[in-house]
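Read through the structure below, which is laid out as structure tokens, and then see the notes.
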Amino acid sequence: MADGLQWFDADLAIVDVETTGLDATKDRVIEIAIIHMRAGQTIERWSTLVDPGIALPDEVVAITGITSEMLKGQPRFRDVADAVLDRLIGRVFVAYNHAFDQAFVRTELARLERPWHDPPCLDPLVFAREFQKDDGSKKLGKVAERLGISLVEAHRAANDAEVAGQVLYAFRALVPPNLEDLVALQAQWSLQQEQTLALQRKWRGQVDEDGMPGSTMAALTSADGFILGPAYIYGSEPDPIRFFYGLLPDVGGKKAA
């Protein structure tokens, strides 16, 4: 990652995939879009349907509007791998809930033994969870709507990708301009958000067979191997004592400390 690189001026590859399911190791891509954006502008809009080579579940048809008939005669992923790599290499990877899209792209390329070194990644969902914390649904369409961005024909890759890029740019004034700083901040927020969600699932009784919340240990564990404590669920205040004292009314003209 280049020191001092400003993410706004960087070449971004905004990626969205539609798939046969949620498991990148078993399911396959049926549509991929990569939108090249820079400085808030769309440079190139590219997308293609992809024949997955496996059956298309009815629920996927219902969500995306993509049918098995539409996929007949479409290229397989191996046929578009070069086009995908050409549009990813040298660019910042951006996707809404990027772990999902990145996992599918990485796995499809790995099946073809095509090397791809993961680039810096930005995820507008992480920022939406911070800046629209109390505003309801964090689905892309809802987040975009609150920002005055229109999403037409959701769950089609090119439309979702371009709107995800616009959402990221809409948060520009609220985040660091330096790409390295933004990636570091995103990692911190993402970890805190994952733990909060895991704790919420645990409180609702949703635990896995090992008694852990419905999230992976990796999502709960810091880079140093330590699990973050419950202090990290209090928004921007990591200390729960200070957090609760901050809720107390002022006493004698001076807030309790």
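The values are calculated or read from the model by the stated rules, or taken from the named source; none is laboratory data. Everything numeric in this text was worked out from a predicted model, so none of it was measured. All Cβ positions, even for glycine, are placed from backbone atoms using ideal geometry, and neighbour counts span all protein chains on display. In case anyone asks, the SASA skips ligands and DNA or RNA and just uses the protein heavy atoms, side chains included. Shrake-Rupley method; radii C 1.70, N 1.55, O 1.52, S 1.80 Å.
Some observations on this one:
- Measuring only protein heavy atoms, the 1.4 Å probe finds E162 accessible over about 40 Å².
- Sorted peptide list for 196-202, 132-138, 46-52, 121-127, criterion being average Cβ within 10 angstrom, highest first: 121-127, 46-52, 196-202, 132-138
- Percent of beta bridges antiparallel (DSSP, the stretch 1-125, rounded to nearest 5): 75 percent
- All other residues whose Cβ lies under 14 angstrom from that of K142 are scored, Lys and Arg at +1 and Asp and Glu at -1, for a net of +1.
- Converting phi to 3J(HN,Hα) with the Karplus coefficients 6.51, -1.76 and 1.60 and the offset θ = phi - 60°, the stretch 46-53 yields 10, 7, 7, 6, 9, 6, x, x Hz in sequence order, with x at every glycine or proline.
- Amide H contacts of Q6 (H built 1.01 Å from N, in plane; Pro and chain starts excluded): L179 sit under 5 Å, all sequence-distant by 5 or more or on other chains.
- Projecting the Cα atoms of V50, F93, T25 onto the dipole axis of the stretch 16-95, where Lys and Arg carry +1 and Asp and Glu carry -1 at the beta carbon, places F93 farthest toward the positive end.
- Pairs from K72/K133; K72/K139; K26/K202 whose Cα-Cα separation, in the structure shown, is over 32 Å: K72/K133
- Amide proton proximity set for D11, modelled H, under 5 Å, gap of 5+: V92
- Sorting the segments 63-71, 88-96 by their residues' average number of neighbouring beta-carbon atoms within 10 angstrom, most packed first, yields 88-96, 63-71.
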